[in-house]
Amino acid sequence: MQTEVKDAPKYAIVASVQLPSVSDIEFEASLTELRELAKTLGYHVVHTFVQKRGSFDTTAYLGIGKRQEIQAWVSHENEIAEQEDAPADSHLIEAILVDHEISPSQARNLEKETGCEVMDRTMVILEIFHRNARSRAAKAQVEIARLGYMAPRLREAAKLAGPQGRQRSGVGGRGAGESSTELDRRKIRDRIAELQLEILAMEAERKTQRARRQQRQGLTSVALVGYTNAGKSTLMRALTGSEVLVANKLFATLDTTVRTLYPESVPRVLVSDTVGFIKNLPHGLVASFKSTLDEALDAALLLHVIDASDPGFERQLEITDKVLEEINADDVPRIRVFNKIDHVGDAAAQAEREAALKAQYPDCVVMSARRPDDVARLHKMIVAFFQRDLIETEIFVPWAQQQLLGEIYATCQVRGERSDEQGTFFQICGEASVLERLQQKLSD
């Protein structure tokens, strides 16, 4: 029997500068999000340092007074934690998580002054993406984003490395005297170009597979889109009866998952889950991960999942709408699904929130993915959407062609049937392309 090995807890602090243009609500929401990202990465955030400034300090992001305060606090905490009889609530601080993308020199200076590893918001997200990518395409996209992030930071790494960052001979390199930093940068450029070619090849392969699938199924697919941690994976599992990874973490899933709507309907509907959106997602990652959102472009219907219990849900809406516009999916029909209503409070609080949401968004669905009745209601809406264009007709199947019955029952709704000595008359409802294919087979 295998014993589960748990990683030792890691402790971190969060640091952020509030600029005059950022409201208190926005600022706190961003900090909360960073703490959630830290949790996904395996860090326990034990303290948060904030500073109001007109601009970021060009040397080390935070002002000198705040840096000294952090250095003193970290030293004190670590001194206690390293004692043999350290109290149970003491923590060895390993990292400072900064709620902005900062320059390599700012990170290096902040690290030197505080004695802690510094990870900016972009680095935190990249590390999460790196750990959670499963498919070849997602891994390649993450690697491109990580390499792009690392390239400008090599010079700072070389400064810390000392003599290793100095020039070396041109043997094996492009020219005499090329520094190790320049060589590394060239290797990064070459590797990015190689990965981009791989992604293009995978994209062509995916398009072929999708075209085949759509040819077989018609455009009967639904894509779940929305803010990360809004409950998309839980809803996906409820709608398809499948075991999809469900975790209360940001970016728990990066790869698109496709399953069949369950119970199966006519027409058969495919449901896909996509990577979640996030505020201040680094631009390089938005570009790299657009292909994970291709399912949204291919879908005939989008389920825009929003966390009804999040007071900042309007911000989630704006971010999702903006990204969908960027990938030209803003004209795909959509249903706004306010999920997690059961997290709002008692029955009265839930009823009040539902009434407010329906007043603001008349066509929305307010539900909990953990309530079977709510899921059944959404299932019914999805099926109704795809059945709106079905055609009702009667077909005659001679006894000699009874092998077609399986296909008829699998692809159409059979509303009635009657038989005579020649064969069976079926009253069916189905998509135009499916009915045309059946008629072709019956006339062959």
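The values are calculated or read from the model by the stated rules, or taken from the named source; none is laboratory data. Every value quoted in this text rests on a predicted model; they were computed, and no experiment measured them. FYI the Cβ positions are ideal-geometry reconstructions off the backbone, even for glycines, and counts take in every protein chain you see. Protein only, heavy atoms only, side chains kept; ligands, DNA and RNA dropped before computing areas. Shrake-Rupley method; radii C 1.70, N 1.55, O 1.52, S 1.80 Å.
Brief remarks follow.
- Length-normalised contact order of region 95-160 in % [C-alpha pairs under 8 Å, at least 6 apart]: 32
- Partners of residue 39 within straight-line reach, counting aspartates and glutamates whose Cα lies under 16 Å from its Cα and excluding those fewer than 8 residues away in the same chain: 7, 94, 99, 120, 127.
- Measuring r between the beta carbons of residue 134 and residue 327 and using R0 = 22 Å, the FRET efficiency lands at 0.55.
- Rolling a 1.4 angstrom probe over region 370-444 with all protein chains present gives an accessible area of which 51% lies on carbon and sulfur atoms.
- In this simple spin-label approximation, residue 183 and residue 381 carry label points 7 Å from Cα along the Cα→Cβ vector, and these lie 6.0 nm apart.
- Over region 332-444: Rg over Rh, Cα atoms, Kirkwood Rh: 1.23
- Förster-model FRET efficiency, 25 Å R0, residue 48 and residue 317, C-beta, rounded to 0.05: 0.40
- Anisotropy class of region 89-141 from Cα gyration tensor, a/c 1.5 cut: oblate
- Using a Förster distance of 45 Å, the FRET efficiency for residue 208-residue 352 (Cβ separation, nearest 0.05): 0.35
- When each of 139/232; 52/340; 10/112; 232/322; 52/232 is checked by Cα-Cα distance, pairs over 26 Å: 52/340; 52/232
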